[in-house]
Every structure is written in structure tokens, then in C-alpha cells.
Amino acid sequence: MRYLFYLFLCFSYSTFAVETIRIYDTLGNEPNLRRTVMKLALAPDATQYEIVNASTADAATALADGNIDFIICGSDNLPELKKKVKKLQSAQYGVETLAVAVYLTNRVDNISLKALREVFGGKTIAWRDFNETGYMIDKAAPGEGVPGWFTFSRLLLNHQVPAKDVYACSTALEPLIIASGRHHAMTCALRALRPELSIKFLKVDGFTLDSEKYPLTLSYYLCWVKAVPDKILQELLAQ
């Protein structure tokens, strides 16, 4: 009798086992994805989700082999995924534009991406290379995990470590507050969070924030081959 009961339990478990959706996150702890999965996991008809941080190459191999269902990536590594995974489908669910802000009276209006990498990478420390003054540059940027961090790390720094003289901000608004109060500050922050008119946003390589060619805009993508990400994509777009 006990044996039959055990078989029934095993059959019941196998029959009603919760489906597991496997996702590889090539951005690394992308917060929108985590919030989405947490919300979906609390639903009455909840599906089990498994999220793993992975490199672009590992994610491409796993998706092509059918070992995972979805990939989260950025516009910077989407082309590589498309080359490695046949019939890859993708949908954009978010966009992040990093603004470069200085004090309003600063004479600089345009800066190259190369110069920005030298500033926040540590090679350039003074304003003399830009506005003929010898003042040190007060550098501020999003800290790890703060909105804007992915764009700062991936597109501006090329995955390099920020210079030691870069102040890592703990909130998304903090860099612009710093730029508003310090005449010699250069900061990076999300463009939507502009607190007052004592700052101005610089062109980068001659392109304004609204230009399609502005080099510090990172789009977020959900990618798949066979599985259709209806629930996840709908929730991601709703955020």
C-alpha cells in the first residue's frame, strides 16, 4: 500500500511539475528582468524561472542548442548573437540614454567619445584639454547597479574599470546634482533626470541626445528562437 502511494505521488509530481523557463542574462543582473520574473512568479498560474548571468558566446551556444529559452542582451552585443544564432528573433523592451552634463557656464559644448573614455578611464584629469582652464575635472558617474550603469560601463568604458578619481554615485539623480553645484564637474547620468537649468548636456561626437547616431544609447532586447516570450515581454514593456 505504501509502495502504491509512493508511485501515486511520483506520478502526480511528474504530471503537475511546474515548467521551468531558462534565461541567460548577458547584461548581468539586469534589474527590469528580475522585477518582471519576481512579479510573474507570484501569479496564480506561476511558471518557474531560472536566470543565469552568461557571456554572449555562452548564451548564443545555449540558445542554439535549445538548452535555454531566452536571452537578455544589449544593442552592443545583439549583432554578435545574430551572427551566431540562426533564426534569432528579438524584441526591444527598453532604452537607456546616458547624458554628459557640465555646469551651464562651461565653454565646452561638444566632446568626443574618445575623450570621454580618456576622462573617465583616468588618462585626462584637468579641463585644460577642453576649455583652456587648469581646474581639475570633478568626475561623477552611475555606480554599479544604478540606472545608467550599463550604458556607462558597456558603451563609454568598453567594460573597463572606471578611474579611481571617478565618484560612483548611489542614485540616478546624484550625478546631475553634482554637475549643478560644481562649476568644474563632468558627469554622466540618465537624460530624463534633469533637476534644474544650471547644467547643460554636451553633444558627443557632434550628436545630440535626440539623434539616432548618439553613441551613448543602449537598447535592451529579449531574444529567442522557438519559445514565444508573451508573458515576459508584455510585463517588460509595461514597466
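Under 8 Å for C-alpha pairs, at least 6 residues apart: give me the relative contact order for the chain, rounded to a whole percent.
Values: 422 pairs, mean separation 64.3, N = 239.
Relative contact order of the chain: 27 percent.
Quick check on packing: order 206-213, 101-108 by the mean number of other C-beta atoms within 10 Å, highest mean leading. Can you show the working numbers first?
Details: 206-213: 11.8, 101-108: 17.2.
The packing order, highest mean first, is 101-108, 206-213.
Tell me the volume per residue, in Å³, of the convex hull enclosing the alpha carbons of segment 140-222. All intermediate terms of the calculation are to be shown ahead of the outcome.
Working: hull volume 9.4 nm³, N = 83.
In segment 140-222, the Cα convex hull volume per residue is 113 Å³.
With every protein chain left in place, what is the accessible area per residue of the chain in square angstrom, probe 1.4 Å? Please list the in-between numbers first.
On the way: 13430 Å² over 239 residues.
Result: 56 Å² of accessible area for each residue.
Which entry in (i) 37; (ii) 41; (iii) 22 matches percent of Cα pairs over 29 Å apart derived from the coordinates of this structure?
Recomputing percent of Cα pairs over 29 Å apart here gives the entry labelled (ii).
Would you pull out the residues with amide H under 5 Å of N53's amide H, same chain only if 5 or more places away, H placed 1.01 Å from N?
HN-HN under 5 Å from N53: D25.
For the chain, what does the helix formula give at 222 nm: sum of -39500 (n - 2.57) over DSSP H segments with n ≥ 4, over the residue count, nearest 500 deg cm²/dmol?
Numbers: 8 runs with 72 residues, N = 239.
Using -39500 (n - 2.57) per qualifying helix, the result is -8500 deg cm²/dmol.
With a 1.4 Å probe and every protein chain kept in, tell me what percent of the accessible surface of the chain is carbon plus sulfur.
Working: 7290 of 13430 Å².
Whole-percent figure for carbon plus sulfur exposure: 54.
Tell me which residues come under 5 Å, amide H to amide H, from I21 once H is placed; ignore anything under 5 positions away on its chain.
The list, which skips near neighbours in sequence, is Q48, Y49, E50.
Please list, in order along segment 172-187, the HN-Hα scalar couplings obtained from phi with the Karplus expression 6.51 cos²θ - 1.76 cosθ + 1.60 (θ = phi - 60°), rounded to whole Hz, x for Gly and Pro.
5, 7, 4, x, 6, 5, 4, 5, 6, x, 10, 5, 10, 8, 10, 10
Residues with amide H under 5 Å of G94's amide H, sequence separation 5 or more or different chain, H placed in the peptide plane at 1.01 Å from N; which?
Answer set, sorted by chain and number: Y220.
How about K39: which lysines have a C-alpha closer than 28 Å to its C-alpha, ignoring those fewer than 8 places off in the same chain?
Straight-line reach from K39, under 28 Å: K226, K231.
Work out from phi, with θ = phi - 60° and the Karplus expression 6.51 cos²θ - 1.76 cosθ + 1.60, the ³J(HN,Hα) of each residue of segment 92-104, listed in order in whole Hz, and give x for Gly and Pro.
7, 10, x, 9, 9, 10, 9, 8, 9, 10, 9, 5, 4
Cα centroid distance between segment 26-92 and segment 171-239, in Å?
Going from one Cα centre to the other spans 21 Å.
Relative to the Cα centre, what is the charge dipole magnitude of the chain, using +1 at the beta carbon of each Lys and Arg, -1 at the beta carbon of each Asp and Glu, and rounding to the nearest 20 debye?
Working: 26 positive and 25 negative charges, 47 e Å.
Rounded to the nearest 20 debye, it is 220 debye.
If one takes the longest principal axis of the Cα atoms in the chain, at what angle in degrees, from 0 to 90 and to the nearest 10, does the Cα axis of helix 31-41 lie?
20 degrees
Residue-wise, which Karplus ³J(HN,Hα) couplings in Hz belong to segment 133-148, taking 6.51 cos²θ - 1.76 cosθ + 1.60, θ = phi - 60°, and x for glycine or proline?
Calculated HN-Hα couplings, in order: 10, x, 5, 5, 7, 7, 9, 9, 8, x, x, 4, x, 8, x, x Hz.
The values are calculated or read from the model by the stated rules, or taken from the named source; none is laboratory data. Nothing here was measured: the structure is a model prediction, and the numbers come from that model. Positions of Cβ are backbone-derived with ideal geometry, glycine not excepted, and every protein chain shown enters the neighbour counts. We work out accessible area using only protein heavy atoms, side chains counted, and drop any ligands, DNA or RNA first. Shrake-Rupley method; radii C 1.70, N 1.55, O 1.52, S 1.80 Å.
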